[in-house]
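Just so it is clear, none of the values below were taken in a lab; they were calculated from the coordinates. Computed from a prediction, not measured in an experiment: that's the story for all the values here. Here the Cβ is made from the backbone with ideal geometry for all residues, glycine too, and neighbour counts use every protein chain on show.
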Amino acid sequence: MHLPRSPLRRAATAWAAVAVTVVGVLAAPAATAAPRHHAAVDPGLAAAVAAGQEATFFVVLDSRPDLSGATRQRGKARKIAAYQALRAEATRDQSSLARYLDQAKIGYESYWIANAVKVTGGRDLVERLAARPDVAALRREQRYAIATVAMGAVTTTEVTDPEWGVKDIGADQVWSQYADHGEGVVVASIDSGVEFNHPALADNYRGNLGDGTYNHDYNWYDASGECPDSGTPCDNNGHGTHTMGTMVGAGGIGVAPGAKWVAAKGCEANYCTDTSLLKAGQWILAPTDHNGQNPRPDLAPDVVNNSWGGGNTTFYQDMIEAWNAAGIFEAFAAGNAGNGFTCSTSEAPGAQAPTYGVGAYDATGAIAYFSGFGPSLVDGSMKPNIAAPGVNVRSAWPGGGYRAISGTSMATPHVAGAVALLWSAAPSLVGDIDATRAALNASARDVDDTHCGGTADANNVWGEGKLDVFAAVDRAPHTAATITGTATDRVTGAGLAGITITAMGQGGQRTVTTNASGAYRLVLAAGAYTLTSASYGYRAVTENLTVTDGQALTHDIALDAVPRHAVTGTVYDVTGKPLPGASVRIVEAPLAPVVSDAAGAFRFPAVAEGSFTLVATPAAPVMCDGTYQQALTVDGDESVAIRLPAHSDAFGNSCLPAAYSWVSGATKVALSGDENAKSVALPFPVTFYGVSYNQASVTTNGLVNFLAPRLGDYLNSALPAASQPNGIVAAYWDDLVLDKRSAVKTAVTGTAGQRKFAIVWENAAFAADSSRRVTFEAVFEEATGAVVLQYQSIDGASALEKGGSATVGIENQAGVDALQYSFNEPVLTDHSALRITLKAA
C-alpha cells in the first residue's frame, strides 16, 4: 500500500526554501519591519487559503521531547517511559497554543506523538499561527490513495507449503532448525484493517480468547472510523489482511506464524489520511480500548509494519523516532515509484533516515521494476535499507481467501516477520533497534548494483542486500535459555491447549501459549523469573524460576480445574427500570454474550471460578444509558444487579433524564427563514468542553454553535463527526424552517449565581413536511453548569416529530468527541427533558 508521491515537509530546516515563497503569498512584511518568526507553510496550504478557501491543517510545534530516559529502560518500562515523556511534552508545549485557539473560538485536535494540533481555517488563521514563535510548520491535511502494483485472482485454496518469499528469506529453516516461529513476540500493522477471523489469522490474534470468542480492547483500533462496528476489526480493502498474513499467517504464508498480532486501521478504505495515520501511530505506542480511551503502553506491540507512505515528507519522523525510543521496531515500504533504473524514487516515510525502508525483488532474484531507489530526496540517506520478496506474494484475503499481490507493501511484512523470528530466538535483542538493524544488515545477501551510488555490499538499489532471516538468527547471540514442557490437567493428564504462560523478571517479559497438545516453548535471557500459567477454567499456577545462559530446561506444568457456577442477574437502566435487550458478557471468559429478557433478567449457567470483568451494554439507541463495567468474582452461584451508569463521552460530560420544567421565551431573536444563524450574548459564562464562552450562535436548524456557525448545516449527522459544524449543542438538529408562525426567543430567569438562560425554538417547521412542527429549547444553568434540553408539542404518532431525522446531543470543538443522545431515532416524547452535565475541565 505504498502511496503516491506528495510534496510534504515538516521540519523548519526542510521548509526553508518553501517559506520564502509562502511568505510572499500570504503577507510580506514591510521592508523596514524588524525580522520576525515565520513558520514553514505547506505550499498547498498557502495556495488554498490565498484563493479564499478554508483548509484543515496541522500546526507543528517546534519543541521535541527528550526520550533518552526511555531508551535506558527495558521491556514494558521503556514503552511506558516513552509514552509518558511524549504526553508530558505535548501537554506543556501545546498549552499556550490551546489557550489562543480557545479564545479565538477555533476548534482543534491535539496529537502527542507528533506534537501537533489540527485546526481548520483560512488565510488569516494561517498568517497568525505562522507568526507564533512556538510553531515550526503548518502542514495541510493530506489524503493518499492506496496503491498496489498488480493483483492476482482471489482463490479459496488453503496454503500448505511455505510461499516462495517465506522460503527465500530462510524463515522455514528457522522453523525447522531453531523450532522458532516467533513465539513470545507481538507484531502490529497500520493498514486498511484485518479480517480477524480469517482461517490463517484467527488463532494468533491476541484478542482471541478461545472457543470462538474475542476481546478486541487493546488489540484492535479503528482510527478511521470506517468499520460498521468500530469495536470489531474489519478490512474494507484487503491490503491489511494481506500484509498481516505475510507477517504471521498460518499454513505457509506467514514468516512468523507463532507470533501474536494486533492492528490499527489507519486507512479509511482505498486511501489514508494524516489524521487516521497519526491516531493509529499513537495507538501503537499506547493501545486503548475500542473507544480510544484508557491507554495501556504496557500492551504496546514489539514490531509494527507500515506498508504506506508517499512523497518526501518529514512529518512522520517524530512518530518513528518515538517508536524507536520505545523499543518498537518499525519497517516501512520504500515505495512503488521506481521504473527499474531512475534513482531517488524512494518515498517517505520509508525514505527518511530514521526508518528501516524496504525494497522489493521477485522470485528470480531480480529487483522489482517498481521498487523505489535512493538516495533519499528527504535527507540524502541510503535507501532502501534492505530488500525482501515483493512480487507475486500470495497471502490472506478477506472472505477467507488468498491472493497474490506485488508491491513494496508486500516486501515490508517479510521484514517485520523476520524481526519477530529474530527477537523470539534472541531475547537480548528485544527493543534494541540499532543492534537488530545491524543483525539484519550483516546477514543480508549482498547484490552489487551501484548505478545509484553506494558500494557492492550497500547501495541505493538493494540497500544492504536481500533479507536472510535464517542467517540473522544463526548469527544472533544464542545465550538464551530454552524452556520446553507440557501443560496438563492434573486429574486427567490431558494436554491443555491455550494455556497462557508468562515469564516476568530480569530479562523482561515474554508470553507464549500452549499448542493443541499442551506443549510450549519459552526462550528467555538468563535471570530470575516469576512464571505464571493461567487459563479460563483452571486455577493459575505461579512459580519462581531461574535460568542460566544456554540452559535447556524441561518444565511441565499441572493445572487444577476449578468448579463452575451460575451467574444470574437483572439489568436496570439509568433510571432504575428493568432493561430488556442489553448485552451482558464476561470479558475474560470464552462464553458467548447473553441478552437480557423482557424483565431485564440474564443467566450464564456455568461460569468457572475466578476473577473477571462483567460488562453490560444497552441496545441502540443508547440515549442516557451508559456501559456498565465492574469486577466480578465467581466463587459460588452469583446474583448480580446491574444498574447502567449515565452515558458519558471521553471528556466526562454525561446525561440523565430530567424533570420537565419549561422556561418560556421572552425576548425574540432576529432569526427566521432557512439556513440562517444569529449570535446571542450569554448572561453568564458557559463552560463547554473545558472552554468558557460568553456568546454563541443559534441556527434555524436547532443548533447552538460555540464556534463560527456553518450555514447550510441542514443535513444532520451522527456525533462525533470531524466535518463542520463542530462545538455544538444539538438541541434538535434537523432541516427546519422558521416561518411567520415560528420564532426563536431567549429568556433569563433567577438571581445571580442561580440564573437559567433559555434558547427556545417555537413552532419550527420541517422542511420535509411543513405541516409538521416542533417546539424545543436548550436551558443553560449557571449554578450547575448543565444544559437541559426540553421538548413539547410532539405528536406521539409522528416519527418525524419524535426525532426520526434529527440529532440530539453535544459535540466538542474538534468534532472528535461527543455525547450523542439520539441520531435519526424517534425517541423524543412530549413534555420530556434531558439533562446534560457539562464537565468544567
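Modelled label positions at E543 and S176, each set 7 Å beyond Cα in the direction of Cβ, lie 3.2 nm from each other. Sorting 201-207, 152-158 by average packing, meaning the other beta carbons within 10 Å per residue, from highest down gives 201-207, 152-158. Using 0.36 nm per residue and subtracting the Cα-Cα separation, the extra length available between T157 and T484 on full extension is 114.3 nm.
Can you tell me the convex hull volume per residue for region 152-475, based on C-alpha atoms, in Å³ to the nearest whole number? Please list the in-between numbers first.
Values: hull volume 37.0 nm³, N = 324.
Per-residue hull volume (Cα only) is 114 Å³.
Applying 1/(1 + (r/R0)^6) with r as the Cβ-Cβ distance of A670 and Y100 and R0 = 41 angstrom yields a FRET efficiency of 0.85.
At a temperature of 20 °C and a viscosity of 1.002 mPa s, determine how fast region 564-643 diffuses translationally according to Stokes-Einstein, using the Kirkwood radius over alpha-carbon pairs as Rh; express D in µm²/s, rounded to the nearest whole number. Write down the numbers at each step before the final one.
Values: Rh = 12.5 Å.
In µm²/s, the coefficient is 172.
Give me the lysines in straight-line cross-link reach of K745: C-alpha distance below 19 Å, same-chain residues under 8 apart excluded. Candidates past the 8-residue exclusion: K668, K678, K756. Positive end of the dipole of the chain (Cβ unit charges, origin at the Cα centre): among N305, A768, V358, the Cα lying farthest that way belongs to A768. Local charge for D560 was computed over the other residues whose Cβ lies under 11 Å away, with Lys and Arg +1 and Asp and Glu -1, and equals 0.
For region 86-147, what does the relative contact order come out to in percent, with C-alpha contacts under 8 Å and a separation of six or more? Let's see the in-between values first.
Values: 37 pairs, mean separation 15.0, N = 62.
Once normalised by length, the contact order is 24 percent.
Quick one: grab the alpha carbon gyration tensor of region 654-837, order the square roots of its eigenvalues as a ≥ b ≥ c, and give me rounded if a/c is under 1.5, else prolate or oblate depending on whether a/b is larger than b/c.
Working: a/c = 1.29, a/b = 1.18, b/c = 1.09.
Rounded, because the longest to shortest axis ratio a/c is under 1.5.
Can you tell me the relative contact order of region 654-837? Whole percent, Cα pairs under 8 Å, sequence separation 6 or more. If you can, show how the numbers build up before the last one.
Numbers: 497 pairs, mean separation 45.1, N = 184.
Relative contact order here is 25 percent.
Residues D274, D362 in ascending order of nearby Cβ atoms (within 10 Å, fewest first): D362, D274. If R0 is taken as 56 Å, the Cβ-Cβ distance between C343 and D830 corresponds to a FRET efficiency of 0.15. A Förster radius of 56 Å, combined with the Cβ-Cβ distance separating S68 from S798, puts the computed FRET efficiency at roughly 0.30. Using Cα centres only, tell me the gap between region 378-424 and region 74-94 in whole Å. Computed from Cα coordinates, the inter-centre distance equals 30 Å. In the set (1) 48; (2) 57; (3) 52, the label that goes with percent of Cα pairs over 38 Å apart computed for this structure is (1). Our helix-only sum for the chain, with -39,500 (n - 2.57) per DSSP H run of n ≥ 4 divided by its residues, gives a mean residue ellipticity at 222 nm of -5000 deg cm²/dmol. For region 247-275, the residues whose backbone nitrogen is under 18 Å from a point 7 Å from the Cα of A718, taken along Cα to Cβ, are 265-269. Arranged from fewest to most other beta-carbon atoms within 10 Å of their beta carbon, C655, C624 become C624, C655.
So between A558 and K678, what do we pick up on full extension, going 0.36 nm a residue minus the alpha carbon distance? Don't skip to the answer; put the middle values down first.
Values: separation 120, 0.36 × 120 = 43.20 nm, distance 7.29 nm.
So the chain would gain 35.9 nm between A558 and K678.
Positive end of the dipole of the chain (Cβ unit charges, origin at the Cα centre): among T751, S517, V187, the Cα lying farthest that way belongs to T751.
Evaluate 2.2 N^0.38 Å with N set to the residue count of region 623-731, then give the Cα radius of gyration divided by it.
Values: Rg = 19.4 Å, N = 109, 2.2 N^0.38 = 13.1 Å.
Cα Rg divided by the expected 2.2 N^0.38 Å: 1.48.
Given 0.36 nm per residue, what is the gain on full extension from D203 to Q53 after removing their alpha carbon distance, in nm?
Values: separation 150, 0.36 × 150 = 54.00 nm, distance 4.98 nm.
Full-extension gain reported as 49.0 nm.
If you place +1 on the Cβ of every Lys and Arg, -1 on the Cβ of every Asp and Glu, and leave all else neutral, what size is the dipole of region 637-744 about its Cα centre, to the nearest 20 Debye?
Values: 6 positive and 9 negative charges, 108 e Å.
Dipole magnitude for region 637-744 comes out near 520 debye.
Straight Cα distances below 16 angstrom link K383 to the lysines K466, with same-chain residues fewer than 8 positions distant left out. Taking label positions 7 Å along the Cα-Cβ direction at both S648 and D448, the computed distance is 6.8 nm, reported to one decimal.
Highest mean first, how do 478-489, 593-604 rank when packing is the count of other Cβ atoms within 10 Å averaged over residues? Mind showing how you got there, number by number?
Details: 478-489: 19.2, 593-604: 16.0.
Top of the packing list down: 478-489, 593-604.
Modelled label positions at S639 and V587, each set 7 Å beyond Cα in the direction of Cβ, lie 2.7 nm from each other. Report note on the peptides 521-529, 178-186, 363-371: ranked by the mean count of other C-beta atoms within 10 Å, highest first, their order is 178-186, 521-529, 363-371. Got the relative contact order for the chain handy, in percent, Cα pairs under 8 Å and 6 or more residues apart? Worked out over the chain, it gives 9 percent.
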